[in-house]
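Trainee: There's a structure below that I have some questions on.
Every read-out reported here was derived from the displayed coordinates using simple, explicitly stated rules and does not represent laboratory data. Note that the structure is predicted; figures quoted are calculated from it, not measured. Every residue, glycine among them, receives a Cβ derived from its backbone with ideal geometry; neighbour counts consider all protein chains shown.
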Amino acid sequence: MAQHNELGKKGEQLAVGYLLEQGYIIIERNYRFDKAEVDIIAQKDDTLAIIEVKTRSTKDFGSPEDFVKPKQIQRLVKAVDEYVVVNDLDVEIRFDIIAIVKEGKHYNLEHLENAFYHF
């Protein structure tokens with residue numbers, strides 16, 4: 001497996017662990033619809049958190065959250081809309097980014113709530 005794929009998987013594992021520690025329930029991982037993949041769908045209270053995980057080995061080329069592009073956001077919104085309709089959910093929806101940067105042997109995690117597209 002390519003090194004960047006391993007880093008991405010590690011980032012998702014760290015994000016799931018963090019969310020569980022914060023009291024979230026993980027509903028789905030890697031949910032796919034059309035051309036979109038939602039990394040994590042989690043719930044806390046009456047809020048469905050749609051979480052995009054961005055993991056980088058360095059900030060040299062920008063922060064991880066800078067790599068979420070408008071087209072990707074459009075696809076995520078479409079996928080989540082489908083997910084909510086198919087599952088007949090009545091919840092608040094929030095789009096978050098968990099940005100992770102590997103610094104030596106450590107990982108720095110930042111949870112950005114309401115990172116884009118607010119319902």
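Trainee: Which ones in segment 14-33 are in contact with an Asp or Glu (Cβ under 8 Å, 6 or more places away or on another chain) and under 12 Å from Tyr83 (Cα atoms)?
Mentor: Tyr31, Phe33
Trainee: For segment 89-98, indicate whether the set of residues that are surrounded by 13 or more Cβ atoms within 10 Å (Cβ to Cβ) and in contact (Cβ under 8 Å) with a residue 60 or more places away in the chain is non-empty.
Mentor: yes
Trainee: A further question on this structure: What residue, of Ile51, Ile41, Ile26, is touching a His at 6+ places or on another chain (Cβ under 9 Å), of a type outside the set (S, T, N, Q) and assigned to a strand (DSSP E or B)?
Mentor: Sole residue among the options that is touching a His at 6+ places or on another chain (Cβ under 9 Å), of a type outside the set (S, T, N, Q) and assigned to a strand (DSSP E or B): Ile51.
Trainee: Looking only at segment 1-42, how many residues end up being out of contact with any helix residue (DSSP H, G or I) (no Cβ under 8 Å at 6 or more places or on another chain), of a type in the set (Phe, Trp, Tyr) and in contact (Cβ under 8 Å) with a residue 40 or more places away in the chain?
Mentor: Number satisfying all stated conditions: 1.
Trainee: Output the residue which, of all residues in segment 4-48 that are aromatic (Phe, Trp, Tyr) and closer than 21 Å to Asn108 by Cβ, is surrounded by the fewest Cβ atoms within 10 Å (Cβ to Cβ).
Mentor: Tyr18
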